[in-house]
Amino acid sequence: MEKMIKVFFLIQTLDTGGAERQLIELVKALDKDKFTITVGAFHDGGAFRPELEGVDGVRVVSFGQRGRWDPVPVFRILKEVRSFRPDIVHGYMGVSNEIGALAGRAVGAKVVWGLLSSDMDMSLYHWVSGFMFKAGAALSRIPDLIIANSEAGMRHHAKCGYSAMRMIVIHNGVDTDILRPIDGAGETQRRQWQLSEGIKLIGIFGRLDPIKDHRTFLRAAAVLAAKRTDVRFVCVGTGAKEFADALKEEAATGVLAGRIVWAGWVADIVAAYNAIDIVTSSSVSEGLSNVICEAMACRVPCVVTDVGDSALVVGNTGIAVPKKDPDAMAEAWDTMLNWPEDKMANARRMARQRIEDHFSVRHMAAKTEAALIKLMGG
């Protein structure tokens, strides 16, 4: 019998977010006959934690960091890693990479970093984020392997001084058994949103955050709403109250008044995707967007900004436009809404097939397993 590989994943939080979702999908899919897994989170709790705790063969621990600016619980993490004695310590984005490198080297384990971003505009965030990004570049000779989730992310980090010789790309994956078209689910969701029949619905999913550039989405929505009376818009996701309130105030008057649903957090995300005619990503930066993959798995075509690997994901099933260009986005929506019925049906089928063929959890897990086994000399 082959020796089990002990992997300690380290992440800041298990609350809702794209990176957190990907970690959970990966941990669930890894072969438990090959890997013994512990997941450590800086913060206690988190909306995703119960789902992870229900996975056989996976242990979840947390380290009591209370807030973003609370000191990182380095000594608690080191104690836990020494107790587990992993073969691999796998950081999952941000400061968890640097702390993971410290902990891994302390116990003689292999160190893996996860990079889940591309060309982020650090001016949108606190100066500490920019400092840690630069620190990551300086420390990137420590890990034995760096896994980027996008080709664009790998190029950007290498350009910024991260060690390219240690990098590979493993794209995100979504569970196509769960994320799929479901008869009637979209209609039920539309009724909950109080939308009348015949309405064309354009949606944006994700946290309300500057990097997602909801303002470009809203400005594009205003352009299209002035042209078409049959279109409505929905924003699914939450964010900092002050920022969210400013977005809602911006859309409360003029042509968008009464034409946007601020859905907040949605319990049945699959039904929400099924309710949409077009899903949009207006981000100014992405690595590889989970939302795009999830929507396409539900047979929803996408209009995306050409950042990160977004255009690569949609291929010829959707439309990519320049970032921060509301007119181009509105034109792309109008073009897609005017597609003949047979062209739209074909785009829907091709969208799901593209995710099944290239961006499924099965592909992500298989490639990650192969990379970790190779790292251990297998």
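The values are calculated or read from the model by the stated rules, or taken from the named source; none is laboratory data. The structure displayed is predicted, hence computed values, not measured ones. Virtual Cβ from ideal backbone geometry, glycine too; neighbours counted across all protein chains shown.
Annotations
- The strands (runs of 3 or more DSSP E) found wholly in segment 130-219 and carrying at least 1 residues that are assigned by TED's automatic domain parsing to the domain that holds Val307 and touching a helix residue (DSSP H, G or I) at 6+ places or on another chain (Cβ under 7 Å) occupy 200-205.
- Residue among Ser83, Ser96 that is modelled with pLDDT under 95 and on the phi < 0 side of the Ramachandran plot: Ser96
- Among the residues of segment 22-57, those that are among the basic types (Lys, Arg) and surrounded by 17 or more Cβ atoms within 10 Å (Cβ to Cβ) comprise Lys28, Arg49.
- Residues that are out of contact with any Phe, Trp or Tyr (no Cβ under 9 Å at 6 or more places or on another chain) and among the aliphatic types (A, V, I, L, M) within segment 169-184 comprise Val169, Ile170, Ile178, Ile182, listed in sequence order.
- Of the candidates Asp306, Asp334, Asp268, Asp277, the single residue that is more than 30 Å from Gln192 (Cβ to Cβ), modelled with pLDDT of 95 or more and surrounded by fewer than 23 Cβ atoms within 10 Å (Cβ to Cβ) is Asp306.
- Selection status of Ala246, out of contact with any Ser or Thr (no Cβ under 9 Å at 6 or more places or on another chain) and buried (at least 22 other Cβ atoms within 10 Å of the Cβ): no
- Applying the set (1) small (Gly, Ala, Ser); (2) without any contact (Cβ under 8 Å) to a residue 60 or more places away in the chain; (3) closer than 18 Å to Val279 by Cβ to Ala221 leaves exactly one unmet item: (2).
- Qualifying residue in segment 310-319 (condition: outside the structural domain of Thr229 (by TED's automatic domain parsing) and touching an Asp or Glu at 6+ places or on another chain (Cβ under 7 Å)): no
Here is a yes/no grid of residues against (1) farther than 22 Å from Ala295 by Cβ; (2) at pLDDT 95 or above; (3) not basic (Lys, Arg):
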| residue | (1), (2), (3) |
| --- | --- |
| Leu145 | yes, yes, yes |
| Arg155 | yes, no, no |
| Lys227 | yes, yes, no |
| Asp230 | no, yes, yes |
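- Segment 337-368 - residue that is exposed (fewer than 14 other Cβ atoms within 10 Å of the Cβ) and not in a helix (DSSP H, G or I) and, of those, farthest from the chain's Cα centre (by Cα): Pro340
- Checking Gly108, Gly91 one by one, the residue that is crowded, with 21+ Cβ neighbours inside 10 Å and either touching a residue at least 60 places away in the same chain (Cβ under 8 Å) or more than 25 Å from the chain's Cα centre (by Cα) (or both) is Gly91 and no other.
- When segment 1-22 is filtered for residues that are under 17 Å from the mean Cα position of the chain (by Cα) and modelled with pLDDT under 95, the ones remaining, listed by number, are Gln12, Thr13, Leu14, Asp15, Thr16, Gly17, Gly18, Ala19, Glu20, Arg21, Gln22.
- Test result for Arg232, more than 15 Å from Trp265 (Cα to Cα), of a type in the set (Lys, Arg), touching a residue at least 24 places away in the same chain (Cβ under 8 Å) and touching a helix residue (DSSP H, G or I) at 6+ places or on another chain (Cβ under 9 Å): yes
- Of the residues making up segment 312-360, just one is on the phi > 0 side of the Ramachandran plot and in contact (Cβ under 8 Å) with a residue 40 or more places away in the chain, namely Lys324.
Quick grid of which residues meet (1) over 29 Å from Ile211 (Cβ atoms); (2) touching a His at 6+ places or on another chain (Cβ under 7 Å); (3) not small (Gly, Ala, Ser):
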residue: Asn316; (1), (2), (3): no, no, yes
residue: Lys323; (1), (2), (3): no, no, yes
residue: Ser360; (1), (2), (3): no, no, no
residue: Lys374; (1), (2), (3): yes, no, yes
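- Residue satisfying condition, being free of Cβ contacts under 8 Å to residues at least 24 places away in the same chain, outside any strand (DSSP E or B), within 23 Å of the chain's Cα centre (by Cα) and assigned by TED's automatic domain parsing to the domain that holds Val307, within set Ala244, Ala252, Ala271, Ala267: Ala267
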